[in-house]
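Read through the structure below, which is laid out as structure tokens, and then see the notes.
The values are calculated or read from the model by the stated rules, or taken from the named source; none is laboratory data. Keep in mind that what you see is a predicted model, and the values were worked out from it rather than measured. Here the Cβ positions follow ideal geometry from the backbone for every residue, glycine too, while neighbour counts run over all protein chains shown.
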Amino acid sequence: MERSLILLKPDCVQRRLIGNIIARFEAKAINIVGLKLIQVTPELSKQHYAEHVEKPFYPGLEEFITGAPVVAIVLEGLEVIRVVREMLGATNGLQAAPGTIRGDYSSSRQMNLVHASDGTEAATREIALYFNDNEICGYTPCLTPWMRAGDE
């Protein structure tokens, strides 16, 4: 099983799309093993977006991500990083395909609703920024045998 950090960004929270987005992950048989509403601080923003801090667009990014609460989620599933990124669609909502989360709900590059880890190393680092080990609750849903074959 693989894990990924998902952030339902301030625009998602403000637009009251939290339930719609979570429902799509659940419908895809992806497990939610960590979930909380938090306010990102400037310090946490700098840690999360460390590779962008010195770039000219960073101040606007920090202002956006700290502007309202986010929902931090740890998702777990088979190939979950790839699957979730495909579900999200292109970063720019105007370029995202219909049927993807951004294609259906976003029309902006920055106001693109959701952050998702882009690889296993990033997922490990990002999950540790937002969650303590005791805040992650792994489990096997009783429906699992009805959602995929035992050898998958």
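Restricting the search to region 98-132, which residues are within 13 Å of the chain's Cα centre (by Cα) and assigned to a loop (DSSP other than H, G, I, E, B)?
Selection gives 112, 113, 117, 118, 119.
To keep it simple, each residue is scored yes or no on (1) within 13 Å of the chain's Cα centre (by Cα); (2) more than 17 Å from residue 5 (Cβ to Cβ).
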residue: 29; (1), (2): no, yes
residue: 34; (1), (2): yes, no
residue: 49; (1), (2): no, no
residue: 54; (1), (2): no, yes
residue: 57; (1), (2): no, yes
residue: 64; (1), (2): no, yes
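If you go through region 85-97, how many residues are in a loop (DSSP other than H, G, I, E, B) and either of a type in the set (Phe, Trp, Tyr) or crowded, with 19+ Cβ neighbours inside 10 Å (or both)?
3
For residues that are under 19 Å from residue 125 (Cα atoms) and of a type outside the set (A, V, I, L, M, F, W, C), scanning just region 65-83, find the one that is surrounded by the fewest Cβ atoms within 10 Å (Cβ to Cβ).
Here the answer is 79.
Pairs needed: first member in region 127-148, closer than 30 Å to residue 43 by Cα; second member anywhere, not in a helix (DSSP H, G or I) and not aliphatic (A, V, I, L, M); C-beta distance under 6 Å; at least 6 residues apart or different chains.
131/34; 135/34; 136/34
Could you tell me whether residue 129 is surrounded by 19 or more Cβ atoms within 10 Å (Cβ to Cβ), closer than 23 Å to residue 39 by Cβ and of a type outside the set (Gly, Ala, Ser)?
So residue 129 does not fit the description; no.
At pLDDT 95 or above and closer than 24 Å to residue 143 by Cβ, is that true of residue 81? Steps first, answer last, please.
Numbers: at pLDDT 95 or above: yes; closer than 24 Å to residue 143 by Cβ: yes.
It is true that residue 81 is at pLDDT 95 or above and closer than 24 Å to residue 143 by Cβ.
Can you name the residue in region 32-53 that is among the hydrophobic types (A, V, I, L, M, F, W, C) and within 28 Å of residue 77 (Cβ to Cβ) and is also surrounded by the most Cβ atoms within 10 Å (Cβ to Cβ) among such residues?
Per the criteria, the residue is 40.
Among what's in region 1-17 and is within 20 Å of residue 91 (Cβ to Cβ) and not in a strand (DSSP E or B), pick the residue that is nearest to the chain's Cα centre (by Cα).
9
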